[in-house]
Structure formats: structure tokens, C-alpha cells
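The structure appears below as C-alpha cells.
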Amino acid sequence: MGEDFLQCLIAEGLRPLIARWFKSRRVRAFTGADQFLYWVEGDPTRRAAPDVYVLPGVDPNAVPTSWQLWEVGAPSFALEIVSRDVAKDYEDAPAEYADMGAKELVIFDPGATARSRTRVRWQVYRRLPKRGFVRVAQSMSDRVESASLRCWLRCIGEGRDSRLRLGTGVDGEALFPTEDEVQAARAAQEAARAEQEAERAEQEAARADAEARARAELTAAFEAQIAALRAELARRNGG
């Protein structure tokens, strides 16, 4: 798997998760991937295409080809996934996002390992009062907290199998489910409900059958008693 394709897979998996996360919290925001963001009117060279980004307050159902940030505002969150051009993401990206006015930038390097000397899995830049756009965290952990998203970004898998998920809770341990997981959970619940209904119907049928057998046995017993009484009366009358 080429590094650029891995970058696409990670971004394609994370973008809909963030969009659903905002929807679940009733937050109006557009979550996009790999569109150009222009931030200087009249200068098309001042642009960046984040792997994933969030524009707060923008229609989540928009279908843009690019954005002019002087019209919609700066992104509250941006993610850059390090690929072949390591220097671009490590050196150029922080300055670009600082210049465009981004609130938070997370740089994720799936190629960083414990043996790496100059590469690190996570870097987090945030815009802070009086300090500007500065790096606030760098880590080799499997997760990092995003102040903008109000959840955690978690790395699942290693190297070419790396994928990013959203973690919730105090330490991000609970994974926010993907759409496939939601559908699978619903299907499992429906299957369990159908099985319970089938068991209940089977039990009701068995109970109805038992009651019918009991009624038949009771009727047969009564009929036998009546027949015996009639026979006794006939014997006495005949005698």
C-alpha cells in the first residue's frame, strides 16, 4: 500500500465520523476533506488542502469544490496526515495554518515508530491567548485530545494498518461508533428481538396446545363419568 493511498484511507474513514459526531451533538459545522482553502483574497497561491477540516457554523450538507475563508471563516480543526513529503507537514503546515487563522491543527504521522529520531506520531497546535498559534503537545501515544472536536483522536493499528477513530469520555477509551457499527448493532438488536418474538410465539403455541390437551382430557373424563352414571341408572331401572 502506497503512503499516499494510506493517507486517503485514513482521511476517508475519519471525515464521516467527525460529521456524525457533530450531528449527534447538534453542532452545526461542515466537515470536509482535501478541498482547497484560500485565505487571502486576490492571492490564489495562499491556499492549503487539509486531509480533514472543520468549518464551524457552515451548512454540513454543502458541496463545495473549494472555500474562500474570508467568506466562511477559518477552520476550527484541521488534520494533516504525513505521507511522502514529511517536511511539508512537519515544517510548512504549522506556518500555513497559523497564517490562515486556524484554531487547531493535528499532525498525524502513521510512519512514526519508537525508533524514529525526528518523527513523532502526534503533534497538536492550538491558537492560545497571548501566545498565538503554538504547539501544545507531541506524543507517541495511541491517542491525543482535540479541544476543538471535544473528543479524542485515537490511532487503531500500526503502520499501513493505521486508522483514526474518535474516542469519548475522560480518557477517550470509548470509541464513537462508525456507521457500519451502528447498522450492525441495529441489525443485531432486530435479530435478537425477532428471536425473542419467535421464542415467545413458540411458548404461547406450546401453552395453547397444553391447555387444549388438558381441556380434551377433562372433557373425556366428564364424558366417561356421565356414561358410567347412565349405565348405573339403566341397570337400576332395569332391575
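The values are calculated or read from the model by the stated rules, or taken from the named source; none is laboratory data. Values in this document were obtained by computation on a predicted structure and should not be read as measured data. Reconstructed Cβ throughout: ideal geometry from the backbone, glycine too, with neighbour counts over all protein chains shown. With ligands, DNA and RNA removed, areas are computed over all heavy atoms of the protein, side chains included. Shrake-Rupley method; radii C 1.70, N 1.55, O 1.52, S 1.80 Å.
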Open item on the list: Give me the 1.4 Å probe accessible area per residue for the chain, excluding ligands and nucleic acids, in Å².
Closed with: 61 Å²
TODO: Relative to the longest principal axis of the C-alpha atoms of the chain, give the angle of the C-alpha long axis of helix 3-24, reported between 0 and 90° and rounded to the nearest 10°.
DONE: 60 degrees
Task: Value at 222 nm in deg cm²/dmol, rounded to 500, when DSSP H runs of n ≥ 4 in the chain each add -39,500 (n - 2.57) - done: -14000 deg cm²/dmol
Task: Solvent exposure ordering (accessible area, 1.4 Å, most first) of Lys130, Lys88 - done: Lys130, Lys88
Task: Percent carbon-and-sulfur accessible area, the stretch 70-111, ignoring ligands, DNA and RNA, probe 1.4 Å - done: 48 percent
TODO: Of all alpha-carbon pairs in the stretch 164-239, indicate the percentage at a distance above 15 angstrom.
DONE: 77 percent
TODO: Return, for the Cα atoms of the stretch 65-126, the radius of gyration and Dmax in Å, separated by a comma.
DONE: 13.0, 44
TODO: Find the Cα radius of gyration of the stretch 32-140, compare it with 2.2 N^0.38 Å by division, and give the number to two decimals.
DONE: 1.09
Open item on the list: Tell me whether the stretch 83-166 comes out rounded, prolate or oblate; compute the Cα gyration tensor, take square roots of the eigenvalues as a ≥ b ≥ c, and use a/c under 1.5 as the rounded threshold.
Closed with: oblate
Open item on the list: Tell me which of Thr178, Gln68, Pro110 sits at the most positive position along the dipole axis of the stretch 59-184, charges placed on C-beta atoms (Lys, Arg +1; Asp, Glu -1).
Closed with: Pro110
Task: Geometric extent, Cα atoms of the chain - Rg, Dmax (angstrom) - done: 33.5, 127
Open item on the list: If you count only protein heavy atoms and use a 1.4 Å probe, how large is the accessible surface of Glu91, to the nearest 10 Å²?
Closed with: 130 Å²
Open item on the list: Can you give me the % of accessible surface on the stretch 140-204 that is carbon or sulfur? Probe 1.4 Å, all protein chains present, nothing else counted.
Closed with: 48 percent
TODO: Compare Leu9, Leu175 by solvent-accessible area with a 1.4 Å probe and give them largest first, with all protein chains kept in place.
DONE: Leu175, Leu9
